[in-house]
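Shown next, in structure tokens, is the structure this report addresses.
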Amino acid sequence: MNDTRQIQTRELTTPEMWAEFHHFVGRLAPTETDQVSVLFAFAWGFAVYGDRKNWCYLRLTPSALYAKVQDLEQQEEGHIGNSDLFLLPEDKSFQIQLCHESDVHIIFDKPSDFTANEKARWQELGYVPCEWTKKGNKWVEPSGGAYVSSTAGDPSAHP
């Protein structure tokens, strides 16, 4: 059994967060007829789903997803980099979190070409990727230090 792991960027600027959002939507849904699974979590989940018990992944085309995010931002219901947005591929082999802390996480149980390539891409972009392993309810870096948040990558953990 593999431990849950994540790769995360440094804190990104708003344009960098938007670039990552477009990049990952394009990777998960390369054509306009494809759909991407998205979960609007804290804070815009309340505007999208109402009661928290109704939060679930939605299947949207890229243009519908971009329009939804832009609409929510215009309504001040959430913002890329200030609200959590989760993207899930069809095979559910990893999860991408555009985090409310203005960074991006790729959460996975088994390393893949996708995770390795994205980590290398982030390194080239200067996003200073770091990798963590989940031990119990804490994220631990390879050197043994604990990450400050034990809820990263867990959409149910946010208020």
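State the number of residues belonging to region 78-97 that are out of contact with any helix residue (DSSP H, G or I) (no Cβ under 6 Å at 6 or more places or on another chain) and on the phi < 0 side of the Ramachandran plot. Steps first, answer last, please.
Here is the first cut: in region 78-97, the ones out of contact with any helix residue (DSSP H, G or I) (no Cβ under 6 Å at 6 or more places or on another chain) are 82-85, 88, 90-95, 97.
Retained after the next criterion (residues that are on the phi < 0 side of the Ramachandran plot): 82-85, 88, 90-91, 93-95, 97.
Within region 78-97, residues that are out of contact with any helix residue (DSSP H, G or I) (no Cβ under 6 Å at 6 or more places or on another chain) and on the phi < 0 side of the Ramachandran plot number 11.
Scoring Asp109 on the criteria (1) among the acidic types (Asp, Glu); (2) within 17 Å of Tyr127 (Cβ to Cβ); (3) surrounded by fewer than 16 Cβ atoms within 10 Å (Cβ to Cβ) leaves a single failure, condition (2).
Scanning region 2-37 for residues that are touching a His at 6+ places or on another chain (Cβ under 9 Å) and polar (S, T, N, Q), we see that the one that is farthest from Asn82 (Cα to Cα) is Gln6.
Looking only at residues that are of a type in the set (Phe, Trp, Tyr) and farther than 19 Å from Trp18 by Cβ in region 43-90, which one is surrounded by the most Cβ atoms within 10 Å (Cβ to Cβ)?
Trp55
On the given criteria, is Ser102 among the polar types (S, T, N, Q), at pLDDT 95 or above and on the phi > 0 side of the Ramachandran plot? Answer is yes for this residue.
The values are calculated or read from the model by the stated rules, or taken from the named source; none is laboratory data. The shown structure was predicted, so the numbers you read here are calculated from the model rather than taken from an experiment. FYI the Cβ positions are ideal-geometry reconstructions off the backbone, even for glycines, and counts take in every protein chain you see.
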